[in-house]
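Visitor: The following block contains the structure, expressed as structure tokens.
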Amino acid sequence: QSNQPASIWLRFELPRELLPLQVEQALLTVDLAAPDRTLQIVRSATDNGHEVVWTQADPLGRYEVLLNDAHRLVDGDGALRLRILVSPMEGKLEQDKNSVWKINRLQLEVVAMVPGRPEVPGTPGDHR
């Protein structure tokens with residue numbers, strides 16, 4: 001919770017027992033209230049830049065962000081990295097700028113394959 005703009009790096013560690021994983025997709029669920037602000041989800045790009053993968057103006061409530069290219073989020077240690085950017089308040093009078101934003105809940109679900117593991121019945125060709 002804050003009344004200031006923010007840039008927050010998130011690192012989701014995957015179980016070491018499952019590494020190396022072949023991450024196929026991820027679903028980020030975020031529940032927040034950030035009136036009069038813009039929220040962006042950003043990932044690192046291969047050229048040391050950053051790429052915005054999702055933007056929501058005036059976010060209020062629960063949002064699901066499907067990351068189909070989630071393999072591009074995995075760092076060298078097998079963790080997934082994302083960045084959340086919360087903008088300054090937009091279009092408000094100075095006395096209103098103390099309004100706070102808050103992330104109530106944040107969750108990441110990952111779909112991945114574990115190479116070399118035997119097949120699990122009901123999931124042909126992969127282990128999800």
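The values are calculated or read from the model by the stated rules, or taken from the named source; none is laboratory data. On a predicted model such as this, the values are computed, not experimentally measured, just so you know. Ideal geometry is used to build each Cβ from the backbone, glycine not excepted, and the neighbour counts take in all protein chains shown. Remember, those area values only see protein heavy atoms, side chains included, never the ligands or the DNA or RNA. Shrake-Rupley method; radii C 1.70, N 1.55, O 1.52, S 1.80 Å.
Visitor: Six or more apart or on different chains, Cβ under 7 Å: which pairs go from a residue in the stretch 69-88 that's touching a residue at least 60 places away in the same chain (Cβ under 8 Å) and more than 30 Å from P35 (Cβ to Cβ) to one that's assigned to a loop (DSSP other than H, G, I, E, B) and open to solvent by 50 Å² or more (accessible area, probe 1.4 Å)? Could you list them?
Guide: Taking only residues 6 or more apart or on different chains, the pairs are G78/L19; G78/P20; A79/E13.
Visitor: Would you pick out the residues in the stretch 1-56 that are buried (at least 16 other Cβ atoms within 10 Å of the Cβ) and without any contact (Cβ under 8 Å) to a residue 40 or more places away in the chain?
Guide: Across the stretch 1-56, the qualifying residues are S44, V53, W54, Q56.
Visitor: Of all residues in the stretch 92-114, which are modelled with pLDDT under 90, surrounded by 11 or more Cβ atoms within 10 Å (Cβ to Cβ) and not β-branched (V, I, T)?
Guide: If the condition is that a residue be modelled with pLDDT under 90, surrounded by 11 or more Cβ atoms within 10 Å (Cβ to Cβ) and not β-branched (V, I, T), then K92, D96, K97, S99, A112, M113 are the ones that fit.
Visitor: Name the residues in the stretch 59-91 that are modelled with pLDDT of 90 or more and either open to solvent by 80 Å² or more (accessible area, probe 1.4 Å) or aromatic (F, W, Y) (or both), would you?
Guide: The answer is L60, R62, Y63, E64, L66.
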